[in-house]
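Read through the structure below, which is laid out as structure tokens, and then see the notes.
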Amino acid sequence: MTGLHGILFAYEGGRGLGELAQHRVPASVPFGGRYRIVDFMLSNLANAEVTDVGVVMEGNYQSLLDHLGNGRVWDMTRKFGGLKLLPPYVGRDAYRGWMDALRYLKSYVEEIRQEYVLLSNSDVVVNLPLREGLDRHVASGADVTVICTSNTDSGVEDTYFRVDESGKVTETLHRVQKTDGKRSLGIYILSKELLLKAIDECAAHDEYNFIAGVLQNSELAPNVNAFVWDGFAVQIKTLKQYHECSMKLLQPEIRADLFCRERPIRAKVDDEAASYIAPDAHCVNSLVADGCMIEGSVEDSILFPGVTVARGAKVKNCILMKNMSVGEDAQLDYIIADKGVALGSGTRLAGNENYPMAVAKHSIV
């Protein structure tokens with residue numbers, strides 16, 4: 001797998017995530033009690049022994065910088081290659097799309113040492129066998145391999161591929177509201193040579209979108225194949241998706257699929273003491289990280305490190321992030337509380353399954 005290089009796009013465009021993306025890009029949104037969303041794609045690459053990865057950043061990326069550090073967590077600290085953080089050029093306006101970003105990063109692409117490149121969004125929660133994906137790409141002789149899923153229950157505008165029995169993509173449908181074929185996961189494998197050619201071709205025609213500029217360009221990429229992955233896979237674009245995806249982790253079969261032993265998901269370690277659950281507290285069907293103190297009731301919820309739930313408080317269907325507190329007799333239902341939120345005694349907040357309520361970072365209620 002030394003022949004594969006990863007490029008992850010960590011853009012600011014997280015309007016659908018509301019308060020969760022006020023102070024960070026979607027890639028660095030906390031997920032699953034101890035992870036950030038970007039941890040999944042980085043772990044996919046690390047598990048496939050990919051050590052050279054570039055992260056294209058834009059917008060409010062300070063939180064992402066702090067989280068990624070030097071890449072040691074994913075074994076990407078290297079004297080040559082390794083994890084490279086690629087902020088936008090000074091004075092550069094927002095990138096319009098992948099090909100627009102790659103046009104300005106062409107010198108980086110030219111210096112890639114590997115023969116093949118994986119392009120991906122960084123907001124995908126999935127555990128992929130990328131070794132198998134690259135092997136199929138090479139064996140098929142395809143120009144581009146798209147990684148997609150048969151699960152079309154996304155609820156948002158998406159890209160879909162019509163795929164024949166041999167695995168060849170016969171048609172690419174972009175930004176459609178109705179499901180039709182295999183849903184794109186926003187992950188693609190192609191050669192470095194083709195990527196450089198595509199950068200020049202798209203720049204010449206002022207085309208900034210990878211789908212339109214490459215996948216729907218039959219002259220540039222006439223042979224596109226699909227690698228279908230039907231394990232748990234979600235690209236998180238909205239608060240509803242974030243809440244639904246998080247709540248599915250309460251199902252043992254979903255956790256077993258996403259956090260399989262063969263391909264571990266790596267994350268920064270929080271050195272916290274063990275959590276305390278009072279003898280008369282109620283904690284059912286929930287994921288509770290270290291460092292929490294629970295004296296009230298927690299049901300069908302996910303708690304990050306350092307969460308405090310006071311006596312008499314009732315927490316249900318909630319996601320409570322690091323170091324937030326719930327006061328006595330408070331009642332929460334379908335709430336996503338960001339880091340450092342303080343909810344006072346007697347507070348009552350309720351969203352619903354279709355419209356979970358998000359509370360911004362460090363808010364006091």
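The values are calculated or read from the model by the stated rules, or taken from the named source; none is laboratory data. All figures in this text were calculated on a predicted structure; none of them were measured in a lab. Heads up, the Cβs are rebuilt from the backbone with ideal geometry, glycines too, and the neighbour counts pull from every protein chain shown.
For the structure I just gave you, tell me whether Val144 is buried (at least 18 other Cβ atoms within 10 Å of the Cβ) and within 17 Å of the chain's Cα centre (by Cα).
Criteria not met by Val144.
Residue check: is Leu86 of a type in the set (A, V, I, L, M), in contact with a helix residue (DSSP H, G or I) (Cβ under 8 Å, 6 or more places away or on another chain) and buried (at least 19 other Cβ atoms within 10 Å of the Cβ)?
When the stated conditions are applied, Leu86 does not pass them.
Any residue at all in the stretch 69-84 that's out of contact with any Cys (no Cβ under 9 Å at 6 or more places or on another chain), part of a strand (DSSP E or B) and either more than 30 Å from Asn354 (Cα to Cα) or not assigned by TED's automatic domain parsing to the domain that holds Gly133 (or both)?
Scanning the stretch 69-84 turns up at least one residue that is out of contact with any Cys (no Cβ under 9 Å at 6 or more places or on another chain), part of a strand (DSSP E or B) and either more than 30 Å from Asn354 (Cα to Cα) or not assigned by TED's automatic domain parsing to the domain that holds Gly133 (or both).
State yes or no: is Arg175 of a type in the set (D, E, K, R) and buried (at least 17 other Cβ atoms within 10 Å of the Cβ)?
Numbers: of a type in the set (D, E, K, R): yes; buried (at least 17 other Cβ atoms within 10 Å of the Cβ): no.
It is false that Arg175 is of a type in the set (D, E, K, R) and buried (at least 17 other Cβ atoms within 10 Å of the Cβ).
In the stretch 31-50, what count of residues is obtained for those that are buried (at least 23 other Cβ atoms within 10 Å of the Cβ) and either among the acidic types (Asp, Glu) or farther than 16 Å from Pro264 by Cβ (or both)?
2
Given the criteria assigned by TED's automatic domain parsing to the domain that holds Asn60, outside any strand (DSSP E or B) and surrounded by 21 or more Cβ atoms within 10 Å (Cβ to Cβ), does Ala94 qualify?
Judged against the criteria, Ala94 is not a match.
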